[in-house]
Each structure stands twice: as structure tokens, then as C-alpha cells.
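Have a look at the structure below before the remarks.
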Amino acid sequence: MVFLHPTPLDHAYWRPVAEALTGVRAIIPDLRGHGVSELGQALPSGGFTLAPDAPVLTMAQLARDVLALLNSLEVPAAFFAGCSVGGYVLLELWRQAPQRMRGLALVCSKPQPDAEANLAKRVESIAKVRQGGLAALYDGRAQTLIGETARRLRPEIVAQLRMRMTLTPEAEIAVQAGLAARPDSVPTVSTITAPVLAIAGGEDVGVTPVDMEAFRAAPGGCEYHLLADAGHFAAYEQPRKVADLLAAWLRKHSA
């Protein structure tokens, strides 16, 4: 199973879940520009019209990176799990290479593109980073992206995840532009013939449970779960629950 993490975190986001799964070969890369994966050569600009000079790290590029990794590891097909941007990459992978996907598990991720309000926030974030405000931006995200319940019951989680937010300013700008430029994947959902697992967080301020209901339209079938007391980083907040859901889903579909 390939695990794709959310931004601005790295592979460590998925480790508590992967370690709780038995009998699963876990492939947990750092996405381009995150963790120890370099951003690479100059990225194209112009893809985000509201910030036309911003470099753009597209979902298509991230999907190609994952396919290159699978080729290097000689893995012809796998199950996939993605949170947030990791889920957006899974939808792009389905468009590029559906034959390599045995199933898609999406956690706090949605098929809809950015609404106007989200696009405006990305413009603000890019401007803030360019003004030297990356650290302050991440300080805020460490609070808002973690659910209120996890922050109350496990206050140490804020420092743990804040420590994993290590993108360079250039990478953060490229990621924000790429998220803004991602395509509408609602039509893609209606083509997914592989089984889908959708796990929503009731305290997620960015991806609502209603947003994730759209995955029920997948013709391959969608198993939907709501973790009422989890935020955007649900798999790190509640790794045992997410691991149990994944394990049961894999048993159902890996025969």
C-alpha cells in the first residue's frame, strides 16, 4: 500500500497508521518538495491565474513522481491511501494509470476544486510567504488543521506536527499554486471502478464530510466513514481507528 501524506507535512504523518497495520508492505514517500524530497528543477509558472508568476507544483507532476517510484520498486499495482493533497494525487493517478490502482483510500480529501474563497486564501498565503511569513503561517496551520478534540486531549500533537512542517518558501508557494490549479475531479469519481474508502473528519475545517459524500458516486463502490471528533489530520490524530478501518477494507478487497 502506498501512503501519500498531506501538505505541509512529510511521510511521518502516516507512520503511526502503517505501524499498526500487519501484513501490509507500506510504501511511504515524501512528496516532491516535502521532507527529504527536493523540489527539483524550476517549475513552470502561469498555471494559477491569480498569482501568474508563482511556480506551480501540479497534481499531474506529483502523480508522475509516484508512478516513477513504483516503476523503480517494480510494483505493478497497489492499494493507495492519501490525505488532503495526497488524495488529490490519487485522483490524478486514477486519470493517468488506473490499471495500477487496486483501491483508493481517501482521508480528509475531496474531489471538488477550490471555491473562490479558497483561491483567495491561497493568494494571501503566497503573499505572506513572500513577505517572510512562512513560520507564522505554519504556526497557524498547526492549530487550525488539527481537530479541537485532539488538541484538547493530546496537546503535544501540535508541536509534533509543527516540527514536520519544513517546506522551503519556494516549495510552499509552488504547492499552494498547484492546489489552486488542480482540476475538478468530480467527473473523475464517476469513472473509478476500483473500491473506494472515504474517511471524513467531523472537525475538519477544510474538507467537510459533505464534500466527501461525493465519493459515494464511484461505480466501484464507496465505503464511507465519519470520525466525528477528528480534524484535517485525522489519520495522525486517530491512527488506531484509521488503521482498523483500512485493515478491514483491505481484507475485503485484497483477495
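Structural remarks
- Residues that are out of contact with any Asp or Glu (no Cβ under 9 Å at 6 or more places or on another chain) and aliphatic (A, V, I, L, M), drawn from the stretch 109-152: 115, 117, 119, 120, 123, 127, 135, 136, 142
- Pairs with Cβ under 8 Å, 6+ apart, first in the stretch 72-99 and closer than 17 Å to residue 246 by Cβ and hydroxyl-bearing (Ser, Thr, Tyr), second part of a loop (DSSP other than H, G, I, E, B) and at pLDDT 95 or above: 84/6; 84/7; 84/108; 84/109; 84/207; 84/232
Let's see how each residue does on (1) at pLDDT 95 or above; (2) within 15 Å of the chain's Cα centre (by Cα):
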| site | (1), (2) |
| --- | --- |
| 4 | yes, yes |
| 12 | yes, yes |
| 21 | yes, no |
| 32 | yes, yes |
| 35 | yes, yes |
| 38 | yes, no |
| 41 | no, no |
| 67 | yes, no |
| 71 | yes, no |
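- Checklist (1) closer than 19 Å to residue 112 by Cβ; (2) more than 14 Å from the chain's Cα centre (by Cα) applied to residue 167, failing item: (1)
- Hits in the stretch 70-100 - residues which are within 17 Å of residue 188 (Cα to Cα), in a helix (DSSP H, G or I) and among the hydroxyl-bearing types (Ser, Thr, Tyr): 88
- Residues satisfying the criterion are present in the stretch 102-111 (criterion: basic (Lys, Arg), closer than 23 Å to residue 244 by Cα and surrounded by 20 or more Cβ atoms within 10 Å (Cβ to Cβ)).
- Residue check, residue 93 modelled with pLDDT of 95 or more, within 16 Å of the chain's Cα centre (by Cα) and closer than 23 Å to residue 37 by Cα: yes
- Any hit, the stretch 129-144, residues being under 26 Å from residue 246 (Cα atoms), in contact (Cβ under 8 Å) with a residue 40 or more places away in the chain and outside any helix (DSSP H, G or I): no
- When residue 67 is tested against (1) touching a residue at least 60 places away in the same chain (Cβ under 8 Å); (2) in a helix (DSSP H, G or I); (3) closer than 24 Å to residue 174 by Cα, exactly one condition is not met: (1).
The values are calculated or read from the model by the stated rules, or taken from the named source; none is laboratory data. On a predicted model such as this, the values are computed, not experimentally measured, just so you know. Cβ sites come from the backbone with ideal geometry, for glycine too, and all protein chains shown count toward neighbours.
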